[in-house]
2 protein chains.
Amino acid sequence: MGILIQLSPNELETALCMLINVFEKYAKQEGKKDTLTKKEAKTLLEKELPGMVKAGKNSDDGDKLLESLDSDGDNEIDFKEFSVFVICLLCCMTFFWEMT
Amino acid sequence: MGILIQLSPNELETALCMLINVFEKYAKQEGKKDTLTKKEAKTLLEKELPGMVKAGKNSDDGDKLLESLDSDGDNEIDFKEFSVFVICLLCCMTFFWEMT
């Protein structure tokens, strides 16, 4: 079932708030409230991008992805590292968009 | 009045689609359909981020912003350049979020 939410007329502002909301939703589950632990990040991937997780050829693809996002190597993903992930997703989506 | 749209249960996927939708909405107004002209980009800023435009101290702040986004200097903003703008907005929002 979809979620009906009242969006401000500014779609861009709404989308940005949603991205922050997604990060917060999973970051507060355990440990520090402003970073994703590996477990939280895996849950985020499985819940928010089920198609991408299923498409992963190897079971450790998720771990590799998370390692690559953790650019400062502190075993946690902060919001800036998450933002880089968002950009990668956007570029992948537009790559497929340009192919259609 | 807000816009009620049916969101897929995946908030992240919905936010990403909204970002692409915002870009497409303005990019198709004139010129090439997959890039923003300066005029289209200005309209996007004014409509989608009215608060930010009003906060601009100088009237040419918008032009400076657009010039800085146009990293390949072709006088147009493609989706990848727009994605960098999205990241900057996200980081600004989290900067203020961390201050509260």
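Annotations
- Subset tally (residues that are within 11 Å of another protein chain (Cβ to nearest Cβ) and open to solvent by 10 Å² or more (accessible area, probe 1.4 Å)) for segment A:13-31: 8
- Close Cβ contacts (under 7 Å, 6 or more residues apart or on different chains) running from residues in segment B:74-93 that are farther than 15 Å from B:Leu45 by Cα to residues that are open to solvent by 40 Å² or more (accessible area, probe 1.4 Å) and part of a helix (DSSP H, G or I) comprise B:Asn75/B:Lys38; B:Cys91/A:Lys80.
- Leading residue by the ranking (surrounded by the fewest Cβ atoms within 10 Å (Cβ to Cβ)) among those in segment A:34-49 that are acidic (Asp, Glu) and either free of Cβ contacts under 8 Å to residues at least 40 places away in the same chain or in a helix (DSSP H, G or I) (or both): A:Glu46
- Segment A:66-83, subset part of a helix (DSSP H, G or I) and farther than 15 Å from B:Glu13 by Cα, residue modelled with the lowest pLDDT: A:Leu66
- For segment A:64-79, the set of residues classified as under 16 Å from B:Cys92 (Cβ atoms) and surrounded by fewer than 14 Cβ atoms within 10 Å (Cβ to Cβ) is empty.
The values are calculated or read from the model by the stated rules, or taken from the named source; none is laboratory data. If you're wondering where the values come from, they're calculated on a predicted model, not measured in any experiment. Quick reminder, even Gly has a Cβ in these numbers, built from the backbone with ideal geometry, and neighbours come from all protein chains shown. For the accessible areas, the whole protein counts, side chains as well, though only heavy atoms, and no ligand, DNA or RNA atoms are used. Shrake-Rupley method; radii C 1.70, N 1.55, O 1.52, S 1.80 Å.
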